[in-house]
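What follows is calculated from the coordinates using simple rules that are stated; it is not laboratory data. Keep in mind that what you see is a predicted model, and the values were worked out from it rather than measured. When we count neighbours, we look across all protein chains shown, and the Cβ atoms used for this are built from the backbone with ideal geometry, even at glycine.
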Amino acid sequence: MNRSALALLIVLVVAMMNGCQPALDTNRNSAIATASPVKETFDEAAIGAEILKLEREWADANKTHNADAVKRLVADDAVIIYPDGSTATKADEVRTIESGAITADAFDMIDPTVTVIDADSAFISGRSVIKNGKYAVPNKKPIDISGEYRFLDVYAKRGGKWQAVASQATKILPQN
């Protein structure tokens, strides 16, 4: 190959490489893409106090058989996991409360800790103690549910109100 043909080939390759640059992304606002995200402001203490208040209302609803409170506090799509590993829905929880199947002298909450994730989500964890608790199973001997439990409840703010969207309780076994 002669020198002029080789030079022409090199010029063509360089021209093609320069012409194959990625196109500018015109679908994005470059000012938004390079701007620092604005941190959402919310009152963490107020959210924590509200979640703690709702958690106490839910515990009281169990003791007083207040199904209306549970209907308000628990989201329609909530997932509930009981200490025995069974799962329940809001409808199941409401039926249990309405039936009066659970009785106890006290539902005490110990060391509750609320963690606020953002303006619309938080969770609470802690321990609860049920004193002289019974769960009446139809046609069977009542089950003693007294004892200490570890719990975790997740709350979401929907339509301007906080509701439990997930709940789990685990029985703490006595140390031997």
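Can you pull out the trypsin sites (Lys or Arg not before Pro) in region 111-167 that DSSP calls coil and that have at most 12 other Cβ atoms within 10 Å? Walk me through the numbers before you get to the answer.
Details: sites: R127, K131, K134, K140, R150, K157, R158, K161; in loops: K140.
In loop regions of region 111-167 (DSSP not H, G, I, E or B), the sparsely surrounded trypsin sites (Lys or Arg not before Pro) are K140.
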* Normalised contact order of region 70-176, rounded percent, pairs of Cα under 8 Å and 6 or more residues apart -> 27
* If you place +1 on the Cβ of every Lys and Arg and -1 on the Cβ of every Asp and Glu, how big does the dipole about the Cα centre of region 134-176 come out, in debye to the nearest 20? -> 200
* Of the cross-linked pairs K131/K161; K141/K161; K90/K140, which ones have a Cα-Cα span greater than 29 Å in the structure shown? -> K131/K161; K141/K161
* To do: Report the charge-dipole magnitude of region 90-176 in Debye, nearest 20, computed about the Cα centre from +1 at each Lys and Arg Cβ and -1 at each Asp and Glu Cβ.
  => 240
* region 45-115: D in µm²/s via Stokes-Einstein (Kirkwood Rh, Cα pairs, 10 °C, 1.306 mPa s)? -> 122
* What residues qualify as long-range amide H neighbours of A106, i.e. H under 5 Å apart, gap of 5 or more or another chain, H built at 1.01 Å from N? -> K131
* Asked: How large is ³J(HN,Hα), in whole Hz, for each residue of region 101-118 in order, when computed from phi with the Karplus curve 6.51 cos²θ - 1.76 cosθ + 1.60 and θ = phi - 60°, using x for Gly and Pro?
  -> 5, 9, 10, 6, 6, 7, 10, 9, 9, 10, 6, x, 10, 9, 10, 8, 8, 7
